[in-house]
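Please read the structure below before turning to the comments.
Derivation of every value follows stated rules applied to the coordinates shown; laboratory data play no part. These numbers were taken from a predicted model, which means no experiment stands behind them. No Cβ is skipped: glycine too gets one built from the backbone with ideal geometry, and neighbour counts run over all protein chains shown.
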Amino acid sequence: MPYTAPKIVTPPPGPRAREWIAREGRCLSPSLSRTSPLVGVRGEGVFVEDADGNVFLDFGSGIAVNSLGHRHPAVIAAIKEQLDRLVFLNSLDYYTTPQVEYAEMLFARTPGRFPKRVFYCNSGSEAVDTSIKMAKWHTRRPYGIGFVNGFHGRTMGAVSFTTTGAAPRRGFAPLYPIGQFVPYPYCYRCMFNRSYPGCDLHCMSYLTDVTLKKIAPADEVAFIIVEPVQGAGGYIVPPPEFLPRLAEIARANGIVLIVDEVQTGFGRTGRMWASDHTGVAPDIMAISKAFAHGLPAGAAVARAEVMNWGEGAHEGTLNAGPVVMEAAKAVLEVIEREGLVERSRLEGEYLLKRLEELRERHPLIGDVRGLGLMVGIELVADARKTPAREKRDRLIAEAFGRGLLLLAAGESSVRLAPPLVITREQIDTGLSIIEDCLKLLG
Ligand SMILES: Cc1ncc(COP(=O)(O)O)c(C=O)c1O
């Protein structure tokens, strides 16, 4: 039976889920941080069923991975066809065709009409690590610059530029030896206590006049890495001129601009790439998450002149297997055939408008912001904007109990990243659960 609405048959986590969670707790890494006690056994469209038969409406898409919903029939068919032909052939020692076809599709759909090359890998962190290594190899410069609240992943290179909190970094120093950090234009909580637009993006003046002059000499900086909308940091949408200003600073100083589109890519923000909102063509773009419908996949797409490293400089055995690449091709086809980028824009506007209405009624909501179906709600305890972290966590827990999956971001924000195939009615269902929970939290 296809799912049509959330359905709670036993308060989650039910007995089966609790048993799995206990077993898992004895064998998996204790470093994993769980948002909700969901033990998923089946997914379809915007719904996930748990081990006890509860059905949840998925407003997080597994952090923007299940953007086409769960088990999109066209992608599943492409995967099955490829499974019947060739599951795996090491695509670095030999040649396989889907990775070439996909590269050609990607180049036609990524910003910039210049020659490009792609390096495939298996995750967002790896895509970031690849980008960092490539920029270093290309420039032979030592410094790298990231942003406060940035999230780029967990491998040693990526975590070196992850500054969403202490936990990902504690215990791992020394990280990438000379990373420097600049405040992101998080205008709701400006680190310089200025306000936009009067500030004229003071954070960019800080970059040019302090960081690049006094800390990391511009001609020794290999790369600047940035999320076009910060994800784990709190779904923070910068002013539209931010990325163009940054690109100009990078270009003027021979610095490689790495745009991390791992979370924002594949239509999430109402354009195919968040960079497309700004006209910026990144020197390197890191992509992953919605790439291959949940199969492990990532890539660094670069200007051909930047990806000029030599044979043997960077490789990986499991990269670009044919099943993953066929899934990726199907994902792009579905996004276009079903007009999902436009849907993301339209439904995102609707979601934002409805959340603005909620904000008027509930002072617990300090800010709502978003681009396309990447929408953040920031909860605050008072007019001084004290982050309401505990209430944010309770909101997520209460929503879970009512059959709605939500994810956290930043200090006290909730991120809404539903599948791009979500209908207006399903958005309304999710919003009414959120409002019930807000009423409860006061
Ligand atoms: C912007 C961004 N970059 C990189 C990553 C790391 O990706 P992964 O978890 O696949 O390694 C994430 C993951 O959330 C992300 O949001």
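With both labels modelled 7 Å from their Cα along Cα-to-Cβ, the F172 to E360 distance reads 4.4 nm. For the pair V148 and N193, the difference between a 0.36 nm per residue extended length and the Cα-Cα distance amounts to 14.7 nm.
Just to be sure I understand: of the beta bridges DSSP finds with both ends in the chain, what percent are antiparallel, rounded to 5?
Numbers: 34 of 50 bridges.
Around 70 percent antiparallel, to the nearest 5.
Taken about its Cα centre, the range 76-337 carries a charge dipole of roughly 600 debye when the Cβ of each Lys and Arg holds +1 and the Cβ of each Asp and Glu holds -1.
As a footprinting exposure proxy, order M307, M134 by other Cβ within 10 Å, with the fewest listed first.
In increasing order of surrounding Cβ atoms, one gets M307, M134.
When Y95, Y184, Y350 are ordered from fewest to most other Cβ atoms inside 10 Å of their Cβ, what list results? The partial results should precede the final answer.
Values: Y95 9, Y184 22, Y350 15.
Exposure proxy ranking, most exposed first: Y95, Y350, Y184.
Here's the list of lysines a cross-link from K289 could span, going by alpha-carbon distance under 28 Å and ignoring same-chain residues fewer than 8 apart: K7, K80, K116, K133, K136, K329, K353. In percent, what relative contact order does the range 76-337 have, based on Cα pairs under 8 Å that are 6 or more apart in sequence? 31 percent. Using Cβ point charges alone (K and R +1, D and E -1), the dipole size of the range 15-123 about the Cα centre works out to roughly 300 debye. Going by neighbour counts of Cβ atoms within 10 Å, the residues T423, T96, T164 line up, fewest first, as T423, T96, T164. Of the residues S432, S123, S29, the one that moves most in a GNM of the chain with alpha-carbon contacts below 10 Å is S29.
Take the Cα of D436, step 7 Å along the line toward its Cβ, and report every residue of the range 334-357 whose backbone nitrogen sits under 19 Å from that point. Those under the cut-off are 355. Counting charges near M325 (Lys, Arg +1; Asp, Glu -1) among other residues having Cβ under 14 Å from its Cβ returns a value of -3. Need one word for the range 138-205: rounded, prolate or oblate. Basis is the Cα gyration tensor (sqrt eigenvalues a ≥ b ≥ c); a/c below 1.5 gives rounded, then a/b vs b/c decides. Oblate, since a/c reaches 1.5 and b/c is not below a/b.
In terms of its C-alpha gyration tensor, the chain comes out oblate, because a/c is 1.5 or above while a/b does not outweigh b/c. Other residues with beta-carbon under 12 Å from the beta-carbon of G14 carry, at +1 per Lys or Arg and -1 per Asp or Glu, a net charge of -2.
Here the spin labels are modelled as points 7 Å beyond Cα on the Cα-Cβ line, and at E390 and L89 they lie 6.0 nm apart. Stretching the chain fully between A381 and W309 yields a gain of 20.8 nm (0.36 nm per residue, less the alpha carbon separation). Phi angles of the range 89-103 translate, via the Karplus equation with coefficients 6.51, -1.76, 1.60 and θ = phi - 60°, into HN-Hα couplings of 9, 3, 8, 10, 7, 10, 10, 10, 7, x, 5, 6, 4, 5, 4 Hz per residue; Gly and Pro are given as x.
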